[in-house]
Amino acid sequence: MSQQEILLETGTNELEIIEFFIREAVGDAVETQYYGVNVAKVLEVVEAPEGLTGSEAASHPSFLGTIPLRDLILPVVDLSVWLGVARAKSLNEPIIVTEFNGMITGFLVSGVTQIHRVNWKDVEPPSRYVANMVTNCITGTVQIRDRFVLMLDLEQVLADLDESGGTRAALSGIVSEERYHALIADDSTSVRELLRQNFSNANFEVTLASDGAEAWNRLQAIKAQAQAEGRSPLDFLDVVVSDVEMPQMDGYTLTRSIKEDPVLKVLPVTLFSSLISKAVLHKGNAVMADAQVTKPEFHGLTETVLELVRNWRRGAEA
């Protein structure tokens, strides 16, 4: 893959989503609600075996047990149960097989339509009321033809199914002797709160943004102040930490915008996402991210960012 091809697919603020639906039984009628997830999280779509049902002994009512899938034992979640939707069952229902956060999971749905290429600018954030609900799993909505598709946060689903508390309990004990300032962009309310706690405990002043566009606006304000006072942005901010998947502006586009800006390019950027793996590190490298951390590694993130800031400061002072 050439550098040009990488740049065409990374930092263009575009993504591909797989659209699927759940048919809900409402009295004698059936209503269809459409959802979408990033194609980068989907391995394949398979047909659900007959007789796949939950168990009273299951850790969560939505957990349907496991099924064999070639050399895998695939855990399957009934997405309609987790969403609180009374699914109108039908024949040949599909299971969307996903991989993220180092886990492979199947999600049972009513049907899959097709893959769409959309721009993050077309993904509208959820309403302020919904966005502030910690348990909310809707990260945005996008209009496709004559219908609205709800973008689902499947990480939130798995976090809720994790009896151990998963990443929610992953508070870091690392503390910096010096006070630093981090701008953190993430569209998940629960993840933002956990990151705020982690970095605050590590002696960071934390500024939060709910998506890349909000983070970029904050950076523009820092740039304007720095230029007005004849100072460096590093006098106001030490590091940017950004999710990749966000409405309005994704993390790759935010990073590329920072690194291509003649004033803001001095700021170090760390990408933090469930999509990051060895296979896609080239995407972050293409937009000149200074560090990339996969999302389950909350402890590793704080340590990585602190080390990056310290090294960056030493380099700036040399």
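Would you confirm, using the coordinates I've provided, whether Phe63 is surrounded by fewer than 20 Cβ atoms within 10 Å (Cβ to Cβ) and either outside the structural domain of Asp78 (by TED's automatic domain parsing) or under 25 Å from the mean Cα position of the chain (by Cα) (or both)?
yes
Cβ-Cβ under 8 Å, sequence separation 6+ or interchain: first residue in segment 246-267 and free of Cβ contacts under 8 Å to residues at least 12 places away in the same chain, partner of a type outside the set (A, V, I, L, M) and surrounded by fewer than 20 Cβ atoms within 10 Å (Cβ to Cβ). Which pairs?
Lys265/Lys259
Residue under question is Val39, and the condition is that it be in contact with a strand residue (DSSP E or B) (Cβ under 6 Å, 6 or more places away or on another chain) and either at pLDDT below 95 or buried (at least 17 other Cβ atoms within 10 Å of the Cβ) (or both); does it hold?
Details: in contact with a strand residue (DSSP E or B) (Cβ under 6 Å, 6 or more places away or on another chain): yes; either at pLDDT below 95 or buried (at least 17 other Cβ atoms within 10 Å of the Cβ) (or both): yes.
Here the answer is yes, as Val39 does meet what is asked.
With the structure loaded, tell me whether Gly11 is in contact with a strand residue (DSSP E or B) (Cβ under 7 Å, 6 or more places away or on another chain), over 14 Å from Leu154 (Cβ atoms) and not in a strand (DSSP E or B) or whether it fails that test.
Here the answer is no, as Gly11 does not meet what is asked.
Would you be able to tell me the number of residues in segment 254-276 that are in a helix (DSSP H, G or I) and closer than 15 Å to Ile184 by Cβ?
Matching residues across segment 254-276 total 3.
Among the residues of segment 263-299, which ones are among the hydrophobic types (A, V, I, L, M, F, W, C) and at pLDDT below 75?
Residues of segment 263-299 among the hydrophobic types (A, V, I, L, M, F, W, C): 263-264, 266-267, 269, 271-272, 275-276, 279-281, 286-289, 291, 293, 298.
Within segment 263-299, Ile276, Ala279, Val280, Phe298 meet the criteria.
Those residues that are within 22 Å of Ala159 (Cβ to Cβ), exposed (fewer than 12 other Cβ atoms within 10 Å of the Cβ) and either touching a strand residue (DSSP E or B) at 6+ places or on another chain (Cβ under 7 Å) or not assigned by TED's automatic domain parsing to the domain that holds Thr98 (or both), I need them from segment 45-60; list them, please.
Scanning segment 45-60 gives a single hit, Ser55.
Find the residue count for segment 46-87, including only residues that are part of a strand (DSSP E or B), under 27 Å from Ala29 (Cβ atoms) and in contact (Cβ under 8 Å) with a residue 60 or more places away in the chain.
Of the residues in that region, 2 qualify.
Just checking: which of the strands (runs of 3 or more DSSP E) contained wholly in segment 168-253 hold 3 or more residues that are surrounded by fewer than 19 Cβ atoms within 10 Å (Cβ to Cβ) and touching a strand residue (DSSP E or B) at 6+ places or on another chain (Cβ under 6 Å)?
Of the strands (runs of 3 or more DSSP E) lying wholly inside segment 168-253, those with at least 3 residues that are surrounded by fewer than 19 Cβ atoms within 10 Å (Cβ to Cβ) and touching a strand residue (DSSP E or B) at 6+ places or on another chain (Cβ under 6 Å) span 204-209.
Which of the residues spanning segment 18-42 are hydrophobic (A, V, I, L, M, F, W, C) and assigned to a strand (DSSP E or B)?
Residues satisfying the conditions are Ile18, Phe20, Phe21, Ile22, Ala25, Val26, Ala29, Val30, Val37, Val42.
Just a yes or no: is a residue in segment 222-235 under 30 Å from Glu16 (Cα atoms) and touching a residue at least 12 places away in the same chain (Cβ under 8 Å)?
No, there is no match, as no residue in segment 222-235 is under 30 Å from Glu16 (Cα atoms) and touching a residue at least 12 places away in the same chain (Cβ under 8 Å).
Which condition breaks for Lys283 when tested against (1) part of a loop (DSSP other than H, G, I, E, B); (2) closer than 30 Å to Gln143 by Cα?
Failed condition: (1).
The values are calculated or read from the model by the stated rules, or taken from the named source; none is laboratory data. Computed from a prediction, not measured in an experiment: that's the story for all the values here. Cβ coordinates were reconstructed from backbone atoms using ideal geometry, including for glycine residues, and neighbour counts include every protein chain displayed.
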